[in-house]
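The block underneath contains the structure these notes are about, expressed in structure tokens.
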Amino acid sequence: MTRALVTGATGSLGRAAALRLAGSGWEVTGVGRNAEAGRRLEADGIAFRRIDIGREPEEIAEACADQDYVIHCAALSSPWGRYRDFEAANVAGTAHVAAGCLRHGVRRLVHVSTPSVYFDYADRLLISETAALPRRPVNAYAATKLIAERIVQEASARGLDAVILRPRAIFGPEDGSLFPRLMRVNELRGIPLIGGGQALLDLTYADNVVDALVAACLAPAEASGRIFNISNGEPAKLIDLLRRLFGLLEQPLRTRTVPLRAALAAGAWMESAYRIAPFLGAEPPFTRYTVGLLAYSQTLDISAARRTLGYEPRVGVDEGLQRFAAWWRTNR
């Protein structure tokens, strides 16, 4: 029986991957820090180990023993936070996972990274995996995920078979990040529209990302050591996505026309205020980066994933929006 370890299995993507693999007959072990979410996995027949991969290197190395594949979904993913927290989760955690895979001869490591490493406050269309990266990463998340990629590449040079995926803007049921953030801003003060909301956005439905993870596990040797962009491959204008999403949610869409310069300045002010007075909350309502995501077009070239991994998005953006809205109305 094929065995797989999924880190970050208590998060939405990791849980979806673990359930898919278990449903395909694999013996799956999930790793995470959330004990309650771990019990949900166990109720679904998936073994669970509560491990902080950034601070428990021996425990995660032991979990890698006898595994055919390790799918590394665990990460601190946020536009805001302390650098040391991102470093512990994304850098140290990845180093410990890679070391465990090398020690125990794991057949392949599939590492989930991010296309945030491409972002540089400019319109960029059909970005390929070989495109030049910004001289300075946009935030601590992008910086530490880029370091994590290099750790995986160094382990690959030492003999670890590894594949890196950069999935763009993952959404779907149980998403606690992308759409919920937009919904909070919409409710509190309205979503800022910059340039009329004409920026082109790439999204990726969660089930499609899981397809890519499985494909990366099973891909031929030519995939080893490479990075692959993942998205739905159907960019859409921000304003069109917002209208469709809030229409399906049966909620009024509230937008505010804001000049780009003013929005970036407000984001910078928010960041400064929250650094000085952290009691205001864990995360500012918006940052320069979140403003940038709404203002600039960024789409990915996924031809390499199609060609080498056999990746093809099965669930379109519109169907994904319908599934998310139905889940949200039922569960929230």
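Figures for the structure shown
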read-out	value
Complete set of residues in the range 4-23 that are without any contact (Cβ under 8 Å) to a residue 60 or more places away in the chain and farther than 16 Å from residue 174 by Cα	22, 23
Complete set of residues in the range 125-163 that are under 27 Å from residue 283 (Cβ atoms) and in contact (Cβ under 8 Å) with a residue 40 or more places away in the chain	127, 138, 139, 140, 141, 143, 144, 145, 147, 148, 149, 151
Filtered residues of the range 164-181 (kept if surrounded by fewer than 17 Cβ atoms within 10 Å (Cβ to Cβ) and either more than 30 Å from residue 322 (Cα to Cα) or in contact (Cβ under 8 Å) with a residue 40 or more places away in the chain (or both))	174, 176, 177
Single match in 255, 287, 330, 299 (criterion: modelled with pLDDT under 95, under 21 Å from residue 172 (Cβ atoms) and of a type in the set (Ser, Thr, Tyr))	330
Leading residue by the ranking (surrounded by the most Cβ atoms within 10 Å (Cβ to Cβ)) among those in the range 285-332 that are among the basic types (Lys, Arg) and under 30 Å from residue 221 (Cα atoms)	306
Contacts under 9 angstrom Cβ, first residue in the range 40-64 being closer than 21 Å to residue 102 by Cα, partner hydroxyl-bearing (Ser, Thr, Tyr) and not in a helix (DSSP H, G or I), 6 or more apart	49/29; 51/7; 53/7; 60/7; 63/7; 63/29
Qualifying residue in the range 207-217 (condition: assigned to a helix (DSSP H, G or I), at pLDDT 95 or above and touching a Pro at 6+ places or on another chain (Cβ under 6 Å))	yes
The range 222-263, residues that are more than 23 Å from residue 326 (Cα to Cα) and without any contact (Cβ under 8 Å) to a residue 40 or more places away in the chain	261, 262
Residue, nearest to residue 89 (Cα to Cα), within the range 131-144, restricted to residues that are part of a loop (DSSP other than H, G, I, E, B) and within 17 Å of the chain's Cα centre (by Cα)	139
Yes/no for residue 4 being assigned to a helix (DSSP H, G or I) and crowded, with 19+ Cβ neighbours inside 10 Å	no
All positions within the range 250-270 that are outside any loop (DSSP other than H, G, I, E, B) and either of a type in the set (Ser, Thr, Tyr) or surrounded by fewer than 17 Cβ atoms within 10 Å (Cβ to Cβ) (or both)	255, 256, 257, 260, 261, 262, 265, 268, 269
Only listed residue being part of a loop (DSSP other than H, G, I, E, B), surrounded by fewer than 17 Cβ atoms within 10 Å (Cβ to Cβ) and of a type in the set (Gly, Ala, Ser), chosen from 273, 282	282
Subset of the range 166-200 that is of a type in the set (Asp, Glu) and at pLDDT below 85 - its residue that is farthest from the chain's Cα centre (by Cα)	174
The lone exception for residue 228 - which of (1) farther than 24 Å from residue 163 by Cα; (2) surrounded by 18 or more Cβ atoms within 10 Å (Cβ to Cβ) it fails	(1)
1 or more residues surrounded by fewer than 18 Cβ atoms within 10 Å (Cβ to Cβ) and over 18 Å from the mean Cα position of the chain (by Cα): qualifying strands (runs of 3 or more DSSP E) within the range 42-130	47-50, 124-127
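The values are calculated or read from the model by the stated rules, or taken from the named source; none is laboratory data. Just so we're clear, the structure is a prediction, and the values are computed from it rather than from any experiment. Counting neighbours? That spans all protein chains shown, and the Cβs are built from the backbone with ideal geometry, glycine included.
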